[in-house]
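J.: Have a look at this one.
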Amino acid sequence: MSMMRSFALSLALSVAVTPLALAAETAPAEVSFADMAVADSLTGQPGDPVEGRKVFANRGLGNCLACHMVQDLESELFHGNVGPALDGVAERWEPGQIRAIVANAKEVFGEQTIMPGFYTLDVGVDVAEKFQGKTILSAQQVEDVVAYLATLKGE
């Protein structure tokens, strides 16, 4: 392949890939909730269900197991029953709806829900100073959890 043709091919590939590489992360205040869903990815990148499973099970991050039972994680101790069991959640909710619930459940269920918003800065009053201006999960972690939950089909 000639040097000029190789350069042209490289240039064409970089132009084609650039929009994907430049996909901007949606800021927490810019998340668009419509019809109980967040239709668009918060990162422009697909979530990783393997990483999402890790985030879901990590008691130092979302602490999802404190409230929800998931058979896939039955080896983990102390599943909660405050929230619904999430087995089959992928058959009850679309990914955009799951994304909305994880990002900020109050936008879906109203103020009465005790589920925290994992990707919002609107977390209430008297927030410890070290947590002010921060989300519980990153945008990519939300996408990863959504990808994991989307794998939880009925038995």
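J.: Compare the peptides 82-90, 113-121 by average per-residue count of other Cβ atoms within 10 angstrom and give them in order, highest first.
T.: Going from most to least packed, we get 113-121, 82-90.
J.: Let me check I've understood the local charge: for G117, count other residues with C-beta under 10 angstrom from its C-beta, Lys and Arg +1, Asp and Glu -1. What total comes out?
T.: -1
J.: To continue, here is another question. Which loop trypsin sites (Lys or Arg not before Pro) in the range 46-155, with loop taken from DSSP, have no more than 10 other Cβ atoms within 10 angstrom of their Cβ?
T.: Qualifying residues, ordered by number: K153.
J.: Name the GluC sites (Glu not before Pro) in the range 76-132 that are in a loop by DSSP and that have at most 16 other C-beta atoms within 10 Å, would you?
T.: E76, E111
J.: Under 12 Å from a point 7 Å along the Cα-to-Cβ line of L61: which residues of the range 134-155 have their amide N that close?
T.: Taking a point 7 Å out along Cα→Cβ of L61, the residues of the range 134-155 whose backbone N falls under 12 Å are 136-149.
J.: How much length is gained if the chain between S32 and E111 is pulled fully straight, taking 0.36 nm per residue apart and subtracting their Cα-Cα distance, in nm to one decimal?
T.: Length gained between S32 and E111: 26.7 nm.
J.: In addition: Please work out the Cα convex hull volume for the range 21-97 and give it in Å³ per residue.
T.: That works out to 125 Å³ per residue.
J.: Under the Karplus relation 6.51 cos²θ - 1.76 cosθ + 1.60, θ = phi - 60°, what is the ordered set of whole-Hz ³J(HN,Hα) values for the range 43-54, x standing for Gly and Pro?
T.: 10, x, 10, x, x, 10, x, 5, 5, x, 4, 5
J.: When N is the residue count of the range 24-149, what does its C-alpha Rg come to as a fraction of 2.2 N^0.38 Å?
T.: 1.00
J.: Around C67, which amide H atoms from residues at least 5 apart in sequence, or from another chain, sit under 5 Å from its own amide H, with H modelled in the peptide plane?
T.: Those qualifying (amide H under 5 Å, at least 5 residues apart or on another chain) are G80.
We did not get these values from a lab; they are worked out from the coordinates using the rules stated. Bear in mind that the values here come from a model prediction, so they are computed numbers and not experimental data. Here the Cβ is made from the backbone with ideal geometry for all residues, glycine too, and neighbour counts use every protein chain on show.
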